[in-house]
Amino acid sequence: MTYSKITGTGSYLPEKILTNKDMEKLVDTTDEWIRERTGIRQRHIAAEDETTCDLASHAALRAIEMAGKSSSDIDLVILATTTADKIFPGTACLLQKRLGVHGCPAFDVQAVCTGFVYALGIADKFIRAGEAKCALVVGSETLSRILDWNDRSTCVLFGDGAGAVVLEASAEPGILSTHLHADGSYEHLLHVPHGISSGYEQLKAGEAYVYMEGNAVFKMAVNKLGEIVDEALEANQVSKGDLDWLVPHQANSRIIEATARKLKMSMERVILTVSEHGNTSAASVPLALDTAVRDGRIKKGETLMLEAFGSGFTWGSALLQF
Ligand code: ACO
């Protein structure tokens, strides 16, 4: 039986940092409010000439290096993003060109904060089906470009960044399952209300911003994240106690703590990086994963639960042996 296994991780955060104190100068907020409600201390902001593809390429090269591969080994590129460089072609194709990879499938996945988990699920299926052997799966975002910097209820929450993994065909178990979900009836609670075929005037005028009903999103996120964790454990006949690490979407430390409580997991077994970069949407799960792999917390052979929730609503999990 062929599994897919993560053999390399990488991440990248832009140089420029906006601390909560900096945010106090932009909107009517306080460092205390932001930390207490979200756990966020700072966020990274892409330079004016830095794009989602730029961030993605740094993260991708680091993941490829850790896997001991070269770009020419990559036979599938999937990039999860909500903030593509161009309307077309897909940012995955731009990344493919940047890495000097030619001919293999390369496409974007748009599932907002759950994008990376969706991309991982798709790449896993390509590998299990024998259609790819060495996939590059990336989450990369420049959310700062679609924030209303006068709206304190959203602009303090998000940041820019990228994370990537190399996923290879393996005889040993790697990804044990992915469970992906969506319910578009919640579209209006978290969205950018303008796009190409609807509200293009606002898009051109630079007035297409993130809109969120934070409270409603919070409640739904806690519920759904609890449900998907149970779903994945049950499907694999794995008990809560068998999990070594929870690697959650980094939106809000209170949401993460609520999920950990449901799992009866100590926060010492939960990877929490939101304080350092805010909500980086599709980049957040691979960013957290790479941080904990590189600082030595996550080790080979351990069992990890990755989970995410985002606009759509979309939500999903991946249970894997690292
Ligand atoms: N600074 C100070 N006060 C603020 C700020 C701010 N930055 N933002 C809002 N407030 C005020 C509000 O105006 C409100 O004031 P009022 O009581 O006078 O009306 C008060 O704080 C409370 O506002 P709430 O929205 O009720 O605050 P809440 O405790 O719900 O926290 C938050 C808000 C942090 C947004 C929370 O709801 C949350 O994290 N939601 C989930 C976000 C999320 O997880 N998103 C994931 C998906 S993201 C994606 O898919 C792109």
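The values are calculated or read from the model by the stated rules, or taken from the named source; none is laboratory data. On a predicted model such as this, the values are computed, not experimentally measured, just so you know. Cβ coordinates were reconstructed from backbone atoms using ideal geometry, including for glycine residues, and neighbour counts include every protein chain displayed. Just the protein is used for accessible areas: all its heavy atoms, side chains included, with ligands, DNA and RNA removed. Shrake-Rupley method; radii C 1.70, N 1.55, O 1.52, S 1.80 Å.
Return the residues of region 230-249 that are assigned to a loop (DSSP other than H, G, I, E, B) and either among the hydroxyl-bearing types (Ser, Thr, Tyr) or surrounded by fewer than 22 Cβ atoms within 10 Å (Cβ to Cβ) (or both); say none if nothing qualifies.
Result: Gln237, Val238, Ser239, Leu243, Asp244.
Working carefully through the options Ala123, Ala135, Ala129, Ala171, find the one that is without any contact (Cβ under 8 Å) to a residue 40 or more places away in the chain and either open to solvent by less than 30 Å² (accessible area, probe 1.4 Å) or over 21 Å from Phe313 (Cβ atoms) (or both). I'd like the intermediate steps shown before the answer.
On the way: Ala123 fails: without any contact (Cβ under 8 Å) to a residue 40 or more places away in the chain; Ala135 fails: without any contact (Cβ under 8 Å) to a residue 40 or more places away in the chain; Ala171 fails: without any contact (Cβ under 8 Å) to a residue 40 or more places away in the chain.
That would be Ala129, the only listed residue that is without any contact (Cβ under 8 Å) to a residue 40 or more places away in the chain and either open to solvent by less than 30 Å² (accessible area, probe 1.4 Å) or over 21 Å from Phe313 (Cβ atoms) (or both).
Would you say Thr280 is over 26 Å from Gln42 (Cβ atoms), under 19 Å from the mean Cα position of the chain (by Cα) and of a type in the set (S, T, N, Q)?
So Thr280 fails the test.
Any residue in region 235-264 that is within 11 Å of the ligand (Cβ to nearest atom) sitting within a Cβ distance under 7 Å of a residue that is of a type in the set (Asp, Glu)? List the pairs, counting only those 6 or more apart or interchain.
Note: pairs meeting the criteria are Pro248/Glu307; His249/Glu307.
Among the residues of region 203-212, which ones are more than 8 Å from the ligand (Cβ to nearest atom) and part of a loop (DSSP other than H, G, I, E, B)?
Pass one, region 203-212, residues more than 8 Å from the ligand (Cβ to nearest atom): 203-209, 211.
Selection gives Ala205, Gly206, Glu207, Ala208, Tyr209.
Looking only at residues in region 202-213 that are modelled with pLDDT under 95 and of a type outside the set (A, V, I, L, M, F, W, C), which one is farthest from Arg261 (Cα to Cα)?
Of everything passing the filter in region 202-213, Lys204 is farthest from Arg261 (Cα to Cα).
Between a residue in region 28-41 that is open to solvent by 100 Å² or more (accessible area, probe 1.4 Å) and within 9 Å of the ligand (Cβ to nearest atom) and any residue that is of a type in the set (Asp, Glu) and assigned to a loop (DSSP other than H, G, I, E, B), which pairs come within a Cβ distance under 6 Å, given they are 6 or more apart or on different chains?
none
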